[in-house]
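Below is one structure, written out as structure tokens, with a few remarks after it.
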Amino acid sequence: MATFLLEIRTEEIPAAALPGARRQLEDLFSVQLAEAGFADLEITPLSTSRRLSVVVKNLPDRQADRSEVMTGPPSRVAVDSDGNPTPAGEGFARKVGLPFDQIGRVETEKGEYLTATVVHKGRDTSEILAEIVSTVVAALRFPKMMRWGDGTPIFVRPVHGVVALLGSEVIRCALFGVEASRSTVGHRVHSPETFELESADGYAETMIERGVVVDPAERKQRLEELAEALASEAGARVHPDPELMAEHVELVEWPGLIAGSFEERFLELPPEVVVTTLRYHQKCLILENGDNGLQDAFIGVIDRKDDPEGLIRQGNEWVIGARLADAGFFFAEDRKRTLAELVPGLDRLEFHRVLGSLADKAARVGKLAAVFANALDANVAPEQLHTAAGLAKADLLTNMVGEFPELQGIMGGHYLRLEGADDGLWTAVRDHYAPVGFEGAVPESVTGKFLGVADRLDTVAGLFAVGERPSGSKDPFGLRRAAQGAVKIVAEAGWEVDLNEMIQAAADAVADFSKDGEAAVADAVTAFVADRVRRWLTDVVKVSGDTADAVMSADWSNLPAAVARAEALERVRTSESFRILALAFKRVRNITDGQPDRGVDQELFEMAEERELFAATEEFAEHLQGLLPKRQVEEAFLAMEPIAEILERFFVEVLVMCEDERVRDNRMALLKQLGQQFMELADLSKLQVEGGEK
Amino acid sequence: MDLQTLILDLQRYWADCGCIIQQPYDVEVGAGTMHPESFLRVLGPEPYRVAYVQPSRRPADARYGENPFRLGRHLQLQVILKPSPDDVQELYLKSLGVLGIDPAVHDIRFEEDNWESPTLGAWGVGWQVLLDGMEITQFTYFQQAGGIELSPISAELTYGLERIAMFLQRKDSIYDIEWGGGVAYGAVRLEDERESSIYGFEVADVEMLRRHFEDWESEAKRCLEHEPPLVIPAVEATLKTSHLFNLLDARGAISVTERVGLIARVRRNAVAAARASLEQREALGFPLAGDVDIPSGEAD
């Protein structure tokens, strides 16, 4: 058994491309090697910023021989009456490479046929690998490919070396015009000279001696341990940041760290500014002290073992100092004016070509927020919301947000706080972009919640009105996330407000921009929001899909109520009664859908089961009236249970579609009435249960 | 190392690597890439190596001389190596040695940073080069220019000279870096940064700029429609429109919608000029093809 090594040495590969490249290497090699008949292999994809490698263990020197039974022409065609081969018989013998007297016969349904067992000699593994290497590398895909030099090769970055070894033998192949060999190089600083790998075995260990850790998992572990050690030396801890760690792992060949510090005065800047500078612009790990406060220190990742003259720390400290000073400059500039002074400038910032400026948008958002506030009897004046909506967008005109767009909202909040605005207002401005989708906390203040929901509904309705609807994977304006954010705020705030009305109000405000009219916009937005609500129920409330469907089919416009019903139904639906109810309710729906509302006439009842069902319906209706205002949703669902048996009996004994039209209509009316009562809670016909058709 | 020594040494180094040392283009440009020695030379099959300093005007980045890190006009040292040599990274790293930066004691990183110029119909793939956390160079393999797929591929290196000087001199303000002979950058440039900021943000006559945009745009078209097309005059007129666009932008006179349209108008002429240039070189029989002695290895 031998080990195979492929190493493709390149210029620096983008960090984001590497995890996918490793997955592809593993997948492609395992498929290709399996097709070549190799089994029980151990395939390990490896990479650094400057090389893509793969190690395959347990390869035999050659493929196993493989025998194949081939069937030829029928004997009556291939053999003449003297038992000698005809040209057809000779042809088959030639094809399988055997003398005719070694050709066998096989009896089939269609008569006797010629047959032969052909043994395919296994080929040398190295020969097969040479082919597989070309196939695999040609199949590798990267987010962005490039050409270099004479313009013909296409890969993620220029290729400088290829190592292909089976055991200690070089596999003869070439990639991008580079012949495979056993020569490679180590780390650019620690071991830049070319050297020869004796064997594919021990690749990772040899490379570590050459200053290169080829296993990303090992680099990750080393980085984490180093970071922790450095942090505890500084009496702090590293702010957990798996995403940044994962990126650093891909950016280096040897993971090293430096610790540095910056002037304490920069801690007077809003912490988000410091974090953005350190984390997003310099890719530093953030240090926290005991109270989650920032330290005037950072940890930087370097691609080498050491900082021999301290120059790297010095340089990083200088850059970070300069960046923080730059941010401080913007901060001081912005503080020269109040946020309110910037608001008029919003009419120069375009929100959307058709939908107008951000001033226009802020005005719509203020109004829509007021509609919400009014519907909820909240004690917030419309003027207050109008002002807040303008202030919420004003930081887009500050230097700081111009420089750090990701700090939108956050900077506006800080500036207002420093101006002495009340907590409800500045936190509203700070929080109104949160949550992103279902991720993150909802705004703290009620004003923030109003702005958050109104801003998103206006965005969704507006862009729907002008035809910018998401489709498939395309959602350039992030409308799905926007609608999800709105759903989360309404659900977590527990707002018992009619969402249909709110969507209608949002659609009305942008109706002028639509070619299809406001009704079409409102319908489309309603369906779009409904999808997000369903997702909230299944992904966050964690009820099953058909529970969500059952509840939403009844009503979802009062979101907190729908959530409560979904939770209750998910708990109670496991009983046998609900299985029967679900099946029976499908029949109820089938019979009564499209039927007009009629009163039930007790005089027309002919059978005890009708009277029984009527009484049960009346009783259930009474329960509902008592329970629902008290939010006793689960009890209300449980009140359905006794009806299961009654309904089942009804369907056994009573023929709804009877001859007498008046009796028939009355029976349908009875079922319809029951259905309407049930629909106060859920459309049980949507539940998928055993015994029903899907 | 003062700014002028830095420039002189880098130019010497790249000259030794077989580059022609060109001069800054005498039309306002936003980046060294717009100099015809980059924008046009990367087209077609002819090998070429060139380096030059290019003052780059970005009126919107101006800060009245008050921000210690930002300038409305800064200096780039631009290098084009066509075709991109195999040892381009090594050549680049050696150029840092010329500046006294020894890679053995620094952390030098190539982090993905792709480049795109919508006005030039150009894009490339590459990195920003970080020296101890400081971005010092933009490194790009041009893939397309003037809407034309390139072959061979050129490597473009753009050094941000003031930033490098600040870093090397450990100065906290651009205006404090030493230009040469003990004279500070601020003593040379501060006043013009102030004045240009006032002009760009407050004074520039929007109507006049718009008019001139139209004028130079049609002038570029006229040059391109001329028989035979006048390539360099067309490029120069197009560069004018690009600069006028930047001035209008700094002045806050361009809405988001209009922006897309104006960029497309600049690009149309840039693309047409690139095509005309390629045709012109072809008609001339690509005179530099196979005729230029490009050293394949390192500088002596």
For the range B:106-122, give me the residue count where each residue is at the interface with another protein chain (Cβ under 10 Å from one of its Cβ atoms) and within 25 Å of B:Asn246 (Cα to Cα). 2
List the pairs whose first member sits in the range B:130-153 and is without any contact (Cβ under 8 Å) to a residue 60 or more places away in the chain and over 24 Å from B:Leu10 (Cβ atoms), whose second member is of a type in the set (Gly, Ala, Ser) and surrounded by 22 or more Cβ atoms within 10 Å (Cβ to Cβ), and whose Cβ atoms are under 7 Å apart, counting only residues at least 6 apart or on separate chains? B:Gln143/B:Gly124; B:Gln144/B:Ala122
Qualifying residues in the range B:125-140 (those that are within 11 Å of chain A (Cβ to nearest Cβ) and among the β-branched types (Val, Ile, Thr)) - the one nearest to B:Ile101 (Cα to Cα): B:Ile136
Which residue pairs have Cβ atoms closer than 8 Å, lie 6 or more positions apart in sequence or on different chains, and pair a first residue in the range A:360-378 that is aromatic (Phe, Trp, Tyr) with a second residue that is part of a helix (DSSP H, G or I)? A:Phe372/A:Phe450; A:Phe372/A:Val453; A:Phe372/A:Ala454; A:Phe372/A:Met502
Being within 27 Å of A:Leu358 (Cα to Cα) and either within 21 Å of the chain's Cα centre (by Cα) or surrounded by 17 or more Cβ atoms within 10 Å (Cβ to Cβ) (or both) is true for just one of B:Gly261, B:Gly200. Which residue is that? B:Gly200
Scanning the range A:267-294 for residues that are in contact with a strand residue (DSSP E or B) (Cβ under 7 Å, 6 or more places away or on another chain) and part of a helix (DSSP H, G or I), the one farthest from A:Glu317 (Cα to Cα) turns out to be A:Pro271
Would you confirm whether or not the range B:141-149 contains a residue that is more than 13 Å from chain A (Cβ to nearest Cβ) and out of contact with any strand residue (DSSP E or B) (no Cβ under 6 Å at 6 or more places or on another chain)? yes
Note: among A:Asp80, A:Asp61, A:Asp124, just one is closer than 30 Å to A:Ala164 by Cβ and in contact with a helix residue (DSSP H, G or I) (Cβ under 9 Å, 6 or more places away or on another chain), namely A:Asp61
Just the residues that are out of contact with any strand residue (DSSP E or B) (no Cβ under 7 Å at 6 or more places or on another chain) and either more than 10 Å from every other protein chain (Cβ to nearest Cβ) or of a type in the set (Gly, Ala, Ser) (or both), please, taken from the range B:255-267. B:Gly261, B:Leu262, B:Ile263, B:Ala264, B:Arg265, B:Val266, B:Arg267
Considering only residues that are crowded, with 23+ Cβ neighbours inside 10 Å and either more than 10 Å from chain B (Cβ to nearest Cβ) or in contact with a Leu (Cβ under 8 Å, 6 or more places away or on another chain) (or both), which ones fall in the range A:300-323? A:Gly300, A:Val301, A:Ile302, A:Asp303, A:Gly315, A:Ile320
Could you list, in sequence order, all residues of the range A:443-501 that are of a type in the set (Phe, Trp, Tyr) and surrounded by fewer than 20 Cβ atoms within 10 Å (Cβ to Cβ)? A:Phe477
Can you tell me which residues in the range A:141-154 are more than 8 Å from chain B (Cβ to nearest Cβ) and touching a Gly at 6+ places or on another chain (Cβ under 9 Å)? A:Arg141, A:Phe142, A:Pro143, A:Pro153
Is there any pair with a first residue in the range A:333-351 that is more than 13 Å from every other protein chain (Cβ to nearest Cβ) and a second that is acidic (Asp, Glu) and in a helix (DSSP H, G or I) whose Cβ atoms are under 6 Å apart and which are 6 or more apart or on different chains, and what are they? A:Thr338/A:Glu419
Strands (runs of 3 or more DSSP E) fully within the range A:152-243 counting 2 or more residues that are in contact (Cβ under 8 Å) with a residue 40 or more places away in the chain: A:159-166, A:183-185
Tally of residues being over 26 Å from A:Leu499 (Cα atoms) and buried (at least 22 other Cβ atoms within 10 Å of the Cβ) across the range A:544-582: 3
Every residue in the range B:66-96 that is within 13 Å of chain A (Cβ to nearest Cβ) and either closer than 26 Å to B:Tyr175 by Cα or among the basic types (Lys, Arg) (or both), please. B:Glu66, B:Asn67, B:Pro68, B:Phe69, B:Arg70, B:Leu71, B:Lys82, B:Lys94, B:Leu96
So, A:Glu263, is that one touching a residue at least 40 places away in the same chain (Cβ under 8 Å), more than 30 Å from A:Leu6 (Cα to Cα) and acidic (Asp, Glu) or not? yes
Going by the conditions given, is B:Glu156 under 26 Å from A:Ala17 (Cβ atoms) and free of Cβ contacts under 8 Å to residues at least 40 places away in the same chain? no
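This table checks each residue for (1) modelled with pLDDT of 95 or more; (2) outside any helix (DSSP H, G or I); (3) touching a Pro at 6+ places or on another chain (Cβ under 7 Å).
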{"site": "A:Arg313", "(1), (2), (3)": "yes, no, no"}
{"site": "A:Val319", "(1), (2), (3)": "no, no, no"}
{"site": "A:Arg323", "(1), (2), (3)": "no, no, no"}
{"site": "A:Asp326", "(1), (2), (3)": "no, no, no"}
{"site": "A:Phe330", "(1), (2), (3)": "no, no, no"}
{"site": "A:Val354", "(1), (2), (3)": "no, yes, no"}
{"site": "A:Ala362", "(1), (2), (3)": "yes, no, no"}
{"site": "A:Lys367", "(1), (2), (3)": "yes, no, no"}
{"site": "A:Ala378", "(1), (2), (3)": "no, yes, no"}
The residue that is nearest to the other protein chains (Cβ to nearest Cβ), considering only those in the range B:150-182 that are within 14 Å of the chain's Cα centre (by Cα) and in a strand (DSSP E or B), is B:Ala155
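For every residue, the table says whether it meets (1) charged (D, E, K, R); (2) surrounded by fewer than 24 Cβ atoms within 10 Å (Cβ to Cβ).
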position	(1), (2)
B:Arg109	yes, yes
B:Glu112	yes, yes
B:Glu116	yes, yes
B:Gly124	no, no
B:Gln138	no, yes
B:Gln144	no, yes
B:Ile148	no, yes
B:Ser151	no, yes
B:Ser154	no, no
Only listed residue being touching a Leu at 6+ places or on another chain (Cβ under 6 Å) and more than 10 Å from every other protein chain (Cβ to nearest Cβ), chosen from A:Ala200, A:Ala180: A:Ala200
Report, by residue number, each residue of the range A:403-425 that is small (Gly, Ala, Ser) and surrounded by 15 or more Cβ atoms within 10 Å (Cβ to Cβ). A:Gly409, A:Gly412, A:Gly413, A:Ala421, A:Gly424
Given the range A:538-657, what helices (runs of 4 or more DSSP H) lie entirely inside it while holding 3 or more residues that are over 29 Å from A:Trp495 (Cβ atoms)? A:576-592, A:608-627, A:641-653
Of the conditions (1) closer than 30 Å to A:Ala332 by Cβ; (2) crowded, with 22+ Cβ neighbours inside 10 Å, A:Ala370 fails just one. Which one is it? (1)
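The values are calculated or read from the model by the stated rules, or taken from the named source; none is laboratory data. Note that the structure is predicted; figures quoted are calculated from it, not measured. So basically every Cβ, Gly included, is an ideal-geometry build from the backbone, and we count neighbours across all protein chains shown.
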